[in-house]
1. Residues B:Glu76, B:Glu111: which one is charged (D, E, K, R) and over 30 Å from A:Val117 (Cα atoms)?
2. Restricting to the stretch A:109-123, count the residues that are surrounded by fewer than 20 Cβ atoms within 10 Å (Cβ to Cβ), of a type outside the set (Gly, Ala, Ser) and either at the interface with another protein chain (Cβ under 7 Å from one of its Cβ atoms) or assigned to a loop (DSSP other than H, G, I, E, B) (or both).
3. Which number in (1) in contact with a Ser or Thr (Cβ under 8 Å, 6 or more places away or on another chain); (2) modelled with pLDDT of 95 or more marks the one condition that B:Thr142 misses?
4. Which residue is surrounded by the most Cβ atoms within 10 Å (Cβ to Cβ), if the candidates are limited to the stretch C:215-230 and must be under 18 Å from C:Ile30 (Cβ atoms) and not aliphatic (A, V, I, L, M)?
5. Here is a list: B:Pro172, B:Pro223. Which entry is within 17 Å of the chain's Cα centre (by Cα) and in a helix (DSSP H, G or I)?
6. Please go through the stretch C:194-214 and pick out each residue that is surrounded by fewer than 17 Cβ atoms within 10 Å (Cβ to Cβ) and either at pLDDT 50 or above or within 30 Å of B:Gly204 (Cα to Cα) (or both).
7. Identify the single condition in (1) more than 30 Å from C:Val166 (Cα to Cα); (2) within 13 Å of chain C (Cβ to nearest Cβ); (3) in contact with an Asp or Glu (Cβ under 6 Å, 6 or more places away or on another chain) that B:Ala173 does not satisfy, given that it satisfies every other one.
Amino acid sequence: MDAAPDPEHEHPARPVVELTDAVALLGPYPALAGATIRVDPGEIVLLRGPNGAGKTTLLRVCAGLVPLSRGEGRVLGHDLRTERAAVRPRVGLLGHSNGLYGDLTVRENVRFWGALVGATGDEIDAALERMAVGGRLAEVPARKLSAGQRRRTALACLVARRAQLWLLDEPHAGLDAAGRDQLDDTLRAAVAAGATIVVASHELERAGSLATRTVDVVAGQVRSVA
Amino acid sequence: MSRWRVALLVARKDLAIEWRSRVVLDQVLPFAGVTMVLFAFALDSDAVLERVAPGLVWLAVLFSLLVLVQRAFAVEAADGALDALRVAGVDPMSIYWGKGLSLALQLLVLEALLLAAAVVLYGAEVPAEGVVLLVTTSITATPGLAAVGTLYGGLAAGFTGRETLLPLLVLPAVAPVLIGATRAVESALGTAGAATSDGWPWVGLLTVFAVAFGVGGSLAFGPLIDE
Amino acid sequence: MTTTDLDAGTPARTSAPRGTGTRATRVLGIATVVAMAWLVAFGLGFSPADRDQEESVRILYVHVPTIWIAYLAFVVTAISSGCYLFGRKKSLGFDRVAGASAEIGVVFMAVTLIVGALWGRLTWGVFWQWDARLTTTALLFVTYIGYLAVRRLGGSHHQRAKRSAVLGLLAVLEIPLVHWSVRLWRSLHQEATVLRTDGDISMDGLMLFSLFVGVIAFTLLYVWLLLHRSRTMFLEDLIEDRGLDQALAARRAEAEEVRP
């Protein structure tokens, strides 16, 4: 693992995610069946497991989108049973779509999300630089970007709106080798700047080298991997 | 961040997209224009055209409204941006107001141009004493149209392949606006001897409509786009 | 979202009812048939022809009750929508009643419009008059067709329920606006004869009684249809849930195979 040791990781700080026996339903089906997981600040946690194991639902629970039916959960200090609305603005969830406006430039997309939380121009510039979509690329309409550039622009939007917990669902899907390398670099940069990341991925080798910790998701439950 | 500020950001974003993509200019305006010409073919009489010019203008506005609404939400749905806004916890009421505001501004421009087209194509005349009524009608009718359009546009946006639902939901709901705005403009233009003062009750109707659907839409939009 | 998508939960799943009839609905059904026969007897037989409208007045014994029941059905839809939306239990039963009632309302309204057009042709010489009540009714008809289309959009039962409940309440907002605007637009229609408040009832006693029979018969029919339709909706939801269960079981089995 080549991730820089995070100073915060040394002291047991307040966990970013803390689920205890979490049960969440997709319709009548228990997609999460008693999941317990703890994520500390500055970690990059890889969730791995077969399709239908509950990885995506776990991310959506952490994002405050899917309610807990049983169990307890706190994200960034907010109770998932009572304060889901407070969780959402501080968490970034990135699934298969990037949520970009194709007719706007990279900078305009990032600025829109930043403006929602009152980010300054400097913050926008910093976000663009950190996700490697600054400079000339920033003035290109989003629809002309490559898949990797689009993904990084979406991440820059997360930086701009100051999401502290990043929940990424298969972020490497659809990227070429160069795009994946660049994505990994930007994710490390984000963590260095204070973000915490949970990744669900099939690209085990790829994501494994990125992650500071790997856990297995099996049949709606979380098992730690040594 | 207050609701209004977020709404203004959303509106500015939408207008920036329109400005950049020029879809309204390149496609919706020509569509509205050709509609006006086709009305003339169908009615085929100068006298009739002058008599029904106000109604035709608003009919063309309604058709364009459907196109504009579809466009406004296609932009959001293309890459899951509306979902991203919801996931990020952005207040649905702000999204509703922002998109409604951008739609209303586009409609106002369109109405002005269509009225000009009616003057050119149908020989409608705007007397000086009718100008205030004309402008007021436009300003009161437009928010109502935008409120209904944004509300049902948001509902239909979640279902790709069900775009046909939008006209079915929007057109019966905006029928009062078509009636009210047409009568008011007839009064403003003095069509068929209508007096200017007859138009004001209709402006009242348009105002009530705009307020009712503005409030109803603000409350209903969140539940309708929520999963 | 609640824990299960069906109020009845698992026990009902294993013992789903075999039909939608109960003793109460059978009694109600028989009563409806009797009332309809009664209506035929009075509407076509005992009641006299009108001095102006002659035999065509008999159409009103269907036209008036169906329009009243259609409006009643939409009121029931609105109330049930409100009960679903603002009730603490979020009971899908209210949603089904709302949907069933709207369906029946649309059918009754179609009957009203068709029968009314025929009556108009005989009485006024035209099928259609652009008066306030007719036009409002036609617009409402389309509005509720839209409501029914939204109900079929899919998603989970509770998604459907929430969406259509909101729409059911918005339609109520629409009714007075449409009616007011159309009324302002033109009011050629004769004032409603029965509801005239000056006490001058222009219908003869037997005619009024026939109308009364019609209202009773169509109300019974409405309740009977509502009970059966909301129960079939329950069964439809049950079938959908079973399909989902099977799909999930299949998917889980698939996941088992993938795992080493």
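The values are calculated or read from the model by the stated rules, or taken from the named source; none is laboratory data. Not measured: the values here are computed from a predicted model. Every residue, glycine among them, receives a Cβ derived from its backbone with ideal geometry; neighbour counts consider all protein chains shown.
1. B:Glu111
2. Residues flagged as surrounded by fewer than 20 Cβ atoms within 10 Å (Cβ to Cβ), of a type outside the set (Gly, Ala, Ser) and either at the interface with another protein chain (Cβ under 7 Å from one of its Cβ atoms) or assigned to a loop (DSSP other than H, G, I, E, B) (or both) within the stretch A:109-123 amount to 2.
3. (1)
4. By that ranking, first place goes to C:Phe218.
5. B:Pro172
6. C:Leu195, C:Arg196, C:Thr197, C:Ser202, C:Met203, C:Asp204, C:Gly205, C:Leu206, C:Leu208, C:Phe209, C:Phe212 - these are the residues of the stretch C:194-214 that are surrounded by fewer than 17 Cβ atoms within 10 Å (Cβ to Cβ) and either at pLDDT 50 or above or within 30 Å of B:Gly204 (Cα to Cα) (or both).
7. (1)
Conditions tested, residue by residue: (1) within 17 Å of B:Gly80 (Cα to Cα); (2) polar (S, T, N, Q); (3) in a helix (DSSP H, G or I).
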| residue | (1), (2), (3) |
| --- | --- |
| A:Glu129 | no, no, yes |
| A:Ala132 | no, no, no |
| A:Ala138 | no, no, yes |
| A:Arg143 | yes, no, yes |
| A:Arg150 | yes, no, yes |
| A:Leu155 | yes, no, yes |
| A:Arg162 | no, no, no |
| A:Leu168 | yes, no, no |
| A:Ala173 | yes, no, no |
